[in-house]
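The structure under discussion appears below in the form of structure tokens.
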Amino acid sequence: MDTLELLAHPVRLRVVHALRGGRVLTTGQLCALIPDVSKATVYRHVDLLAAGGILDVADERRVRGAVERRYRLRQERTGIDAETARALTPQHHERAFAAAMAALVAEFGAYLEREGSDPVDDLVGYRQHAIWLSKDELVALIGAMQAAIAPLLANEASRERTRYLLSPILFPAEQAEQAEQAEQQDPLQPTPPLAVNQII
């Protein structure tokens, strides 16, 4: 099973999410973090990720006659390179995107079911914005997002920190020619200013 096939599954993506940030966890701990998925299913997908080289066994110990393994993520194996990405078909992209969205929906559902969850107090955001960008503006936006996010990826767990799942999604909703045709049919109305809480 190649990397894309391994990662294009909602449960396996959730295991990867749970191990990000340098975590080292047992399968039992992963089950506790993904409570809406059966233990047998989590164990099966952890085995697949380990066999596929996405997870490493950090250490193991004997517990009541059984071997308990702790796993860590092989960060360099959780993505695909530019050459591979260019070779993907639209169907590959659709399948990977669907798996990512299914994982997000499941993660959000698990969050809402957790005791004490408070989307307002937790500053939860899931808004979408339509913005007009030239290629240079797009590159600048991606660079600014990377500059803002990359340093925070090194943050270690602490009592003062809550683990958030951040999933930037960006794609062109229409081409410039389509936009021109739409404007000729229905002129743009002025856009109201954004409130502060609408930018997340």
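A few notes on this one:
- The chain - percent of accessible surface contributed by carbon and sulfur, probe 1.4 Å: 54
- For the chain, the per residue solvent-accessible surface stands at 75 Å², with DNA, RNA and ligands left out and a 1.4 Å probe.
- Extension gain for residue 155 to residue 131 (0.36 nm times residue separation, less C-alpha to C-alpha distance): 5.6 nm.
- Charge tally in the Cβ shell below 15 Å around residue 19, where Lys, Arg are +1 and Asp, Glu are -1, residue 19 excluded: +4
- For the chain, the convex hull drawn through the C-alpha positions has a volume of 180 cubic angstrom per residue.
- Zone of residue 176's modelled label, taken as backbone nitrogen in the range 127-161 under 11 Å from a point 7 Å along Cα→Cβ: 133-136
- Helix 10-19 axis, angle to the chain major axis (alpha carbon atoms, nearest 10°): 70
- Cβ-Cβ FRET estimate between residue 40 and residue 5, R0 fixed at 25 Å, reported to 0.05: 0.75
- Sum of side-chain charges, residue 60 neighbourhood, beta-carbon under 15 Å (Lys, Arg +1; Asp, Glu -1): +2
- With a cut-off of 16 Å on the backbone N, the residues of the range 50-89 near the modelled label site 7 Å out from residue 98 along Cα-Cβ are 89.
- For the chain, the relative contact order works out to 23 percent when only alpha carbon pairs closer than 8 Å and six or more residues apart are counted.
- Taking 0.36 nm per residue of separation and subtracting the Cα-Cα distance, full extension of the segment from residue 56 to residue 68 would add 3.0 nm.
- Only the Cβ atoms of Lys and Arg (+1) and of Asp and Glu (-1) were treated as charged; on that basis the dipole of the chain about its Cα centre amounts to roughly 1320 debye.
The values are calculated or read from the model by the stated rules, or taken from the named source; none is laboratory data. No experiment lies behind these values; they were computed from the predicted model shown. All Cβ positions, even for glycine, are placed from backbone atoms using ideal geometry, and neighbour counts span all protein chains on display. These accessible areas exclude ligands, DNA and RNA; they are computed on the full protein's heavy atoms, side chains included. Shrake-Rupley method; radii C 1.70, N 1.55, O 1.52, S 1.80 Å.
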